[in-house]
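Colleague: I am attaching a structure below and will ask some questions about it afterwards.
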Amino acid sequence: MSIFDRFKKQDKSQETTPDIPGAEQLKDFHPFDTGLYQTVLALSKEFHENGLPARKPCDREQFIALLAGISALRKTPGIPTPGQSDGNYFTTLPRCATPEAAAECRAHLEKIFGITDKESLVGFCMQEICCHRQYLDFVGFWEGNPPFNMAQLNDDALQYFQTARDFSAQFYPLVRQHGYLAWDISECVGHLRAGYACGILTQNELNELAEHWITQAQVFESWADFATSVLCGYLYWDFRHDTKLPELNEGLDLWTKLVRILLNDDTAWGSGMWFTPAG
């Protein structure tokens, strides 16, 4: 029995379609009514109504650090914490202070994520973190442009896909094409930040790998939009790893606290700082 099958059986009483505007225009659209959509919708309204400042320019390195804001709030062995840094913590890419600290960070990345070099770092991000490409497959079916023929899937793969699609459907009216992109950006750039801090990545390698995510981030109008996509992506990632209700709500509470810290800090997302590439 798949993780998605277990979720569906556990929450069968909640599989009715929620009242989501525009759903009648979509195809094969059967969102789970978990209550998560309503919670994230209220949070999104809160983020947008909190009067974030208009965008103001920042440099490229500052923007990379800002994109990794969630990771900067986590305790990573060997990397300085906010209390060990100055007021530029969220706009500065850290370096481990000593060889011993760098070794501690490297050991952590290897033990927890299997990351030992540039290739394994990129591989981990693409295989274990990124969710947005799956979301875009779901969108293709909802909008009548399926990217593949589901008849080609075996029974287990079909059930896996359909359940993941139906879980994600509840967030479509809120994030549309943005989907889970901010989650991918936030987590992947967070790992680039850690890899750079301990010397797994050089400055040139960091810049090369971050360029893709900087470009992708330009679809967001504000950090409030970015934060909403982060939360939806987190919920899908957690769901995909077999987390069920009410644990999904508990995780959302934690991630909401992290997002609020960044949005309410005028040295972090609350600053409005944003880098826009030339051309």
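Colleague: Between L245, L201, which is of a type in the set (A, V, I, L, M, F, W, C) and closer than 24 Å to S85 by Cα? Can you show your working first?
Modeller: Details: L245 fails: closer than 24 Å to S85 by Cα.
Criteria check complete, one pass: L201.
Colleague: Would it be correct to say that Q127 is surrounded by fewer than 19 Cβ atoms within 10 Å (Cβ to Cβ), part of a helix (DSSP H, G or I), among the polar types (S, T, N, Q) and without any contact (Cβ under 8 Å) to a residue 40 or more places away in the chain?
Modeller: Numbers: surrounded by fewer than 19 Cβ atoms within 10 Å (Cβ to Cβ): yes; part of a helix (DSSP H, G or I): yes; among the polar types (S, T, N, Q): yes; without any contact (Cβ under 8 Å) to a residue 40 or more places away in the chain: yes.
It is true that Q127 is surrounded by fewer than 19 Cβ atoms within 10 Å (Cβ to Cβ), part of a helix (DSSP H, G or I), among the polar types (S, T, N, Q) and without any contact (Cβ under 8 Å) to a residue 40 or more places away in the chain.
Colleague: Out of the helices (runs of 4 or more DSSP H) lying entirely within the range 147-261, which hold 1 or more residues that are at pLDDT 95 or above and closer than 22 Å to A42 by Cα?
Modeller: Working: elements: 155-169, 172-175, 181-197, 203-217, 223-240.
So the answer is 155-169, 172-175, 181-197, 223-240.
Colleague: Would the range 147-156 turn up any residue that is surrounded by 16 or more Cβ atoms within 10 Å (Cβ to Cβ) and touching a residue at least 60 places away in the same chain (Cβ under 8 Å)?
Modeller: Residues of the range 147-156 that are surrounded by 16 or more Cβ atoms within 10 Å (Cβ to Cβ), as a first pass: none.
Among the residues of the range 147-156, not one is surrounded by 16 or more Cβ atoms within 10 Å (Cβ to Cβ) and touching a residue at least 60 places away in the same chain (Cβ under 8 Å), which makes the answer no.
Colleague: Shifting gears a bit: In the range 77-90, which residues are part of a helix (DSSP H, G or I) and either exposed (fewer than 13 other Cβ atoms within 10 Å of the Cβ) or free of Cβ contacts under 8 Å to residues at least 40 places away in the same chain (or both)?
Modeller: Pass one, the range 77-90, residues part of a helix (DSSP H, G or I): 82-84, 89-90.
Matches in the range 77-90: P82, G83, Q84.
Colleague: Only residues that are closer than 19 Å to G35 by Cβ and hydroxyl-bearing (S, T, Y): list them for the range 232-279, please.
Modeller: Across the range 232-279, the qualifying residues are Y234, Y236, T243, T256.
Colleague: Condition test on L93, is it surrounded by 14 or more Cβ atoms within 10 Å (Cβ to Cβ), in a helix (DSSP H, G or I) and at pLDDT 95 or above?
Modeller: Working: surrounded by 14 or more Cβ atoms within 10 Å (Cβ to Cβ): yes; in a helix (DSSP H, G or I): no; at pLDDT 95 or above: yes.
Judged against the criteria, L93 is not a match.
Colleague: Name the pairs: first residue in the range 157-168 and of a type in the set (D, E, K, R), second residue assigned to a helix (DSSP H, G or I), Cβ to Cβ under 7 Å, at least 6 apart or on different chains?
Modeller: Note: pairs meeting the criteria are R165/F138; R165/F141.
Colleague: Another question, if that's okay. Could you tell me which of the residues S229, S271 is polar (S, T, N, Q) and in contact with a Pro (Cβ under 9 Å, 6 or more places away or on another chain)? Steps first, please.
Modeller: On the way: S229 fails: in contact with a Pro (Cβ under 9 Å, 6 or more places away or on another chain).
Only one candidate qualifies: S271.
Colleague: Have a look at G233, G270, G190, G199 and point out the one that is surrounded by 17 or more Cβ atoms within 10 Å (Cβ to Cβ), more than 18 Å from I129 (Cα to Cα), of a type in the set (G, A, S) and in contact (Cβ under 8 Å) with a residue 12 or more places away in the chain. Walk me through it before giving the result.
Modeller: Details: G233 fails: more than 18 Å from I129 (Cα to Cα); G190 fails: more than 18 Å from I129 (Cα to Cα); G199 fails: surrounded by 17 or more Cβ atoms within 10 Å (Cβ to Cβ).
Only one candidate passes the filter, namely G270.
The values are calculated or read from the model by the stated rules, or taken from the named source; none is laboratory data. Everything numeric in this text was worked out from a predicted model, so none of it was measured. Methodologically, a virtual Cβ is constructed for each residue, glycine included, from the backbone with ideal geometry; neighbour enumeration extends over all protein chains shown.
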